[in-house]
1. Where residues in region 261-308 are touching a Ser or Thr at 6+ places or on another chain (Cβ under 9 Å) and of a type in the set (Val, Ile, Thr), which of them is farthest from residue 124 (Cα to Cα)?
2. Residues to consider are 338, 370, 385, 365; find the one that is within 26 Å of residue 172 (Cα to Cα) and of a type in the set (Ser, Thr, Tyr).
3. Which members of region 161-178 meet the condition of being without any contact (Cβ under 8 Å) to a residue 40 or more places away in the chain, assigned to a loop (DSSP other than H, G, I, E, B) and surrounded by 15 or more Cβ atoms within 10 Å (Cβ to Cβ)?
4. On the given criteria, is residue 196 among the charged types (D, E, K, R) and touching a residue at least 40 places away in the same chain (Cβ under 8 Å)?
5. Please go through (1) outside any helix (DSSP H, G or I); (2) in contact with a strand residue (DSSP E or B) (Cβ under 6 Å, 6 or more places away or on another chain) for residue 393 and return the number of the only condition it doesn't satisfy.
6. Test each condition in (1) more than 21 Å from residue 157 (Cα to Cα); (2) in a helix (DSSP H, G or I) for residue 274 and report the one that comes out false.
7. Of everything in region 131-150 that's within 16 Å of the chain's Cα centre (by Cα) and in a helix (DSSP H, G or I), which residue is surrounded by the most Cβ atoms within 10 Å (Cβ to Cβ)?
8. Can you tell me which condition residue 320 does not meet? The list is (1) surrounded by fewer than 23 Cβ atoms within 10 Å (Cβ to Cβ); (2) free of Cβ contacts under 8 Å to residues at least 24 places away in the same chain, and all the others hold.
Amino acid sequence: MQARHRNHRLPGRHSSAALAVLLALLAGITPGASQAREHDLDDAHVLTPVTAAAASVSLATLPSLPKSSLDVAASLKASKPARADDEYHEKDLWGRIRSGYAIPDLNNELVTRHTTWFSSHPEHITRTSARASLYLFYVVSELEKRGMPTELALLPFIESGFNPQALSSANAAGMWQFVPGTGRDFNLKQDAFKDERRGIMESTDAALTYLQRLYDMFGDWQLALAAYNWGEGSVQRAIARNRAAGKPTDFDSLADLMPAETRNYAPKLQAMKNIIGNPSQYKVSLPLIDNTPYFTAVDKTSDIDMTIAAQLAELSIDEFKALNPQFKRPVITGDEQTKILLPKENADKFHLNLAQWGKELSTWTVHKITSAKESISSLASRFHTTPDVIRQANNLPQRSLLKAGSTILVPKISTGTYTDIAPEVADNATVAFEPERTVSRAGYKRASAHAGSKSGPVSLVKARVARDAIKGKSRKKRN
């Protein structure tokens with residue numbers, strides 16, 4: 001990457017080992033974990049996928065689901081021997097991160113406040129670290145490949161609590177919290193079948209590319225971080241305003257012009273950097289995270305149900321989704337570029353079990369709604385399933401009607417007669433629906449209020465009646 005970053009690369013093979021020992025002695029790290037507590041970002045909603053045969057077939061061979069994100073991380077995370085060819089000799093990934101610190105420190109009242117908060121809530125650090133343990137090695141490795149400061153690997157602690165299912169009120173999604181427009185700017189696909197803003201590899205690549213571009217724009221990592229949160233245009237305008245007033249344009253000098261979230265953004269990262277850099281000073285015990293790769297990418301050769309992929313890998317659905325959160329439907333579609341992430345030992349099991357499978361890998365196909373007369377109930381009858389299975393597979397709320405033009409998932413009703421869902425179909429599929437209208441006994445249609453309407457709903461709308469019918473009623477009354 002840029003020449004000005006190259007002097008921040010980690011030490012060589014021999015000096016890094018000595019540095020790791022020195023850091024361990026200075027930091028006094030004791031592996032351990034405090035009791036975890038509930039946190040806003042811990043329990044983002046996850047739709048559990050279902051197979052098309054869910055109404056009649058149970059995949060009883062799947063392992064039981066873990067009860068929390070800590071259980072998922074614990075069941076996924078396994079100690080692995082250090083690789084002989086590993087460039088870095090630190091056994092603990094925290095030490096590797098410390099070795100690559102390169103952003104100048106912030107030191108202000110907000111940093112002190114956030115450092116105090118994080119250090120007084122060790123259960124939050126423990127819980128977030130449990131999730132981070134699945135992804136952190138990959139993030140750090142990608143930063144080092146680009147010659148970027150490794151404390152940026154701590155940014156998802158601030159953005160999402162390392163929760164790839166996190167969704168903000170501004171519709172920012174994933175570990176790195178991309179809003180839809182910015183995600184598309186960085187080639188993150190968002191369609192009916194997947195949202196790459198949640199993908200571990202895809203979103204990390206986009207986030208680091210964006211951060212590097214912002215640094216190249218401002219020449220200052222703290223301003224780059226402010227722009228990542230606030231937008232580059234907003235930071236540029238703040239700089240121009242201070243320049244016009246003859247004021248400095250560093251982060252602290254611009255802070256009064258920033259919204260509260262941005263003003264606290266870099267200080268929060270600095271607080272995490274302080275604690276990871278010297279946990280004993282803040283009486284924090286960091287959980288051990290091995291400095292070894294956790295997952296590997298497996299090629300997807302054809303459409304495959306998420307439940308079947310998890311079964312072949314001998315993982316629970318929650319464990320599978322922790323590494324593959326971008327997939328939104330119960331079937332994984334896409335061309336040969338679509339990858340599935342699995343722990344290495346489970347990838348070996350996946351290949352072995354796949355070779356012996358001998359059955360359909362996908363129980364789903366697509367159906368395009370051509371008429372509003374195609375109700376979910378009629379579709380369920382046609383495809384030999386239940387309305388609930390169709391609703392769950394397509395994220396459809398109860399009491400809703402599908403609009404013409406929608407492309408939905410439906411179960412395959414026979415084997416051997418279907419091909420994979422074409423990539424162009426998956427890329428362009430849309431699902432549109434509206435609230436179901438019911439007719440009351442008095443002959444009135446009840447209409448729901450529009451979601452965005454501030455006025456009250458029109459609760460009663462007179463049903464249309466043919467004029468002839470009305471005339472007939474009038475004659476009867478006269479008689």
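Please treat every number below as a calculation from the coordinates, not as lab data. Computed from a prediction, not measured in an experiment: that's the story for all the values here. Neighbour counts are summed over all protein chains in view; Cβ atoms, including those assigned to glycine, are modelled from backbone coordinates with ideal geometry.
1. 304
2. Only one candidate qualifies: 338.
3. Of everything in region 161-178, those that are without any contact (Cβ under 8 Å) to a residue 40 or more places away in the chain, assigned to a loop (DSSP other than H, G, I, E, B) and surrounded by 15 or more Cβ atoms within 10 Å (Cβ to Cβ) turn out to be 162, 172, 176, 177.
4. yes
5. Residue 393 satisfies every listed condition except (1).
6. (1)
7. 139
8. The single condition residue 320 does not satisfy is (1).
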